[in-house]
Structures are given as structure tokens and as C-alpha cells.
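As C-alpha cells, the structure follows; a few thoughts come after it.
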DNA sequence: TCGTATAGTTAAGTATCCTTAACTAATTAG
DNA sequence: CTAATTAGTTAAGGATACTTAACTATACGA
């Protein structure tokens, strides 16, 4: 087995165990919040992208434009997101999280953080350092593969304490 | 920032980028296959656990027993899963993937594998080795945290070429 | 300026999926 | 042996979320 093959294999092993856990949390969280999985997806999409239009939501969920419009309407009614006119193009709407919507996203992230914290307890300090270095590389590589994101303002980027640790090779 | 904090942080960074990608693929895949997200979840659950009962499905999806029963019925009709009587307890049913259901799961896994393969192209051999070691540790730790799985038979365990690489410390 | 394309909404109809309530059948406990 | 529990199903009714078709309003290109 070559290194790239082994690499892909271990990444797949990890993704399997990680996805199973995350999907379960995701479903559970959606139910607990009284939201559909689609609605939760929208919240996370807006959390990541900061702002987007109605048709972007349709693309995200793989549904038609009217379906997206109705979903947005429901979520506006629920006080999760707000819909304002795009000043540059008055046909378009800009969707954003409300304070309440942001709160819900934060709670979900916090729940996942607790799971991850559990992982630290079983690992030695050396193992943790190894994993930190490895995942930093992986995160950078994965982000480079991502399609561009129209982040209005990169919030809390260059946050102190998040800088990478150099690996010696 | 302590090592555990930094560890949790980088794990969270990774989970964010990974989840975004995986959720998108998951939604896309479900739509393309003409399945609901719930149905796709069931397929993956059965792929992992090999066999389970109707109420396990209800627990997985966070719905009532009748809802699970109806979902199972629909999926049986679609030829995705089959429902046989549990020989040990004739009240209970054992659910399993059909050949067709297995095929669909395989296709989805293959799609994700291709994404992961892309990641290898941008990384050096040293980086890949580092990540392999790190993720192996992480997979083991995460599996230990998982609730027990009633796998009828551990398929393809101890497959050659999947053994861990020892890390020197 | 006129025609076309784009962003989004509204309306009508349908399918899916959920709930509770009531049921059957098998198991287990006293 | 009877009573209670457990696994699952069926039925009726309701909510959600999807579709296509038809629409409004803005932007843009010739």
C-alpha cells in the first residue's frame, strides 16, 4: 500500500467514525431545537458564509427557487434569520442570522466541542501535539479545495492563540 | 493556551471544514438518489451496524415507533432494505441492506473517497505520514467513546494493509 | 428605449413524514 | 396460567416541504 493510498484509507476511517457521530448529533440537535435538517443546514451555512441570497439556499439544499423562498419565509417567521434588500441589486435579498439564530448555532457548536473535549482525556500530551500538527495541515489543505466564500467580513480571523505550530522535517 | 485547549480548537476547525463539505455531499447525494436525508441515514446506519430492529431506526432518527415502521415500509418497497423475522424473538424484525441498498452506500463512499484523494495531491509525503499516524490515534480514541454496536460479524476486520503505524516518542 | 434575463414571490396541488390512538402477536414475570 | 411488557403495525389526521406555473420588479444589453 502506497502512502497516498494509506492516507486516503485512514482519512476514510476517520470520516466514517466522525460522520456517524456528527450526523447523530446533527439529527438530535435539529429535533431538540424543533428544526428540520434543512433548516439547521441553512443556519450553519449562514454562520459560515455570513450572508447570502435566496437562490443560494436553494442550491445548498438542492431544491427549486420557490422551495427555498418558502423555507426562508418560514425561518424568518420563526425569528431565526432576517431578509433585507440588497442595496446593490434591489431584486436580491440578503439573508442573515438573527441574534436568536446565532445563539442556536452556538449551542450546537458547543455540544460538539464537549464531545471533542472528551477525546482529549484519553490521549497523552504527545499524541495531542501530533494530532494538532496533522489536523492543521489537513484543515489548510481542505480549505484550499473549498469553493470561494463571499464572506462580508472575516470575523475573528488571525485570532491570537490559533496560529499553527511548525512541524520539523 | 494549553495543549488540550489547542487540541479541542484544531479538532473543531477540522470538524467545521469537514462537516460543511460532508453535509453538502450528503444532501447532494440524497437528492441525486431520490432519497430523503432520513432514508440515507438509515442506509448508512445499516451499513455500519449490519443489522438492527425497527425501533433502533426510530431512535436513530429521533422519531416515534410508528414513524420508523412506516419509513422502513417505504424503504422495503423501494428495494433498499429487507425485513426478516428475528429467529430468537419472533416479535422483532431484523433489517438489512439489499444488494441494491449496499450499492447505493458504496457509491456515496466512493464519492467521498475521491474528495479525500484530492487532498493527497497537495500534501508532501512527510505530511501524509504525520497525518496517518495522527488520525489512527484519533480513530481509536473516537471508537472507544462510541456506544457498543451489535455487529453480527465484524466484516473485513484485520484486513491486511490497514494495520497502524507505530509512532516513535 | 425595448426586449430579455435575473431574483424572488405567490398559488395550487401533491407527496412525504410526522403524530396519537388502537391494535396484534410474542415474550416474560408472578 | 394469567397479567404485564415489548416489538411492531395500521389507521386517521395534520404539518411540512416539494413541485410547476404564473407573476412582480429590477437590471442589463443592443
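Summary of values
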| item | result |
| --- | --- |
| Any hit, the stretch B:89-98, residues being within 14 Å of another protein chain (Cβ to nearest Cβ), more than 11 Å from DNA strand D (Cβ to nearest atom) and buried (at least 18 other Cβ atoms within 10 Å of the Cβ) | no |
| Test set (1) away from chain A (no Cβ under 11 Å); (2) within 11 Å of DNA strand D (Cβ to nearest atom) - residue B:30 fails condition number | (1) |
| Residue satisfying condition, being away from DNA strand D (no atom under 16 Å from the Cβ), in a helix (DSSP H, G or I) and at pLDDT 90 or above, within set A:24, A:73, A:47 | A:47 |
| Among residues of the stretch A:33-47, those that are loosely packed, with under 15 Cβ neighbours inside 10 Å and either in contact with a strand residue (DSSP E or B) (Cβ under 6 Å, 6 or more places away or on another chain) or farther than 22 Å from residue A:106 by Cα (or both), counted | 0 |
| Out of B:126, B:85, sole residue that is more than 26 Å from residue A:63 (Cα to Cα), facing another protein chain (nearest Cβ under 10 Å) and either out of contact with any helix residue (DSSP H, G or I) (no Cβ under 7 Å at 6 or more places or on another chain) or within 16 Å of DNA strand C (Cβ to nearest atom) (or both) | B:126 |
| Considering residues of the stretch A:48-66 that are away from every other protein chain (no Cβ under 14 Å) and either surrounded by fewer than 16 Cβ atoms within 10 Å (Cβ to Cβ) or under 21 Å from residue B:18 (Cα atoms) (or both) only, the residue farthest from DNA strand C (Cβ to nearest atom) | A:51 |
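Residues checked against (1) modelled with pLDDT of 90 or more; (2) part of a loop (DSSP other than H, G, I, E, B):
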{"position": "A:58", "(1), (2)": "yes, no"}
{"position": "A:84", "(1), (2)": "yes, no"}
{"position": "A:100", "(1), (2)": "yes, no"}
{"position": "A:107", "(1), (2)": "no, no"}
{"position": "A:111", "(1), (2)": "no, no"}
{"position": "A:131", "(1), (2)": "yes, no"}
{"position": "A:140", "(1), (2)": "yes, no"}
{"position": "A:157", "(1), (2)": "no, yes"}
{"position": "A:161", "(1), (2)": "no, yes"}
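The values are calculated or read from the model by the stated rules, or taken from the named source; none is laboratory data. Values in this document were obtained by computation on a predicted structure and should not be read as measured data. Here Cβ is always computed from backbone atoms with ideal geometry, including for glycine, and neighbour counts include all displayed protein chains.
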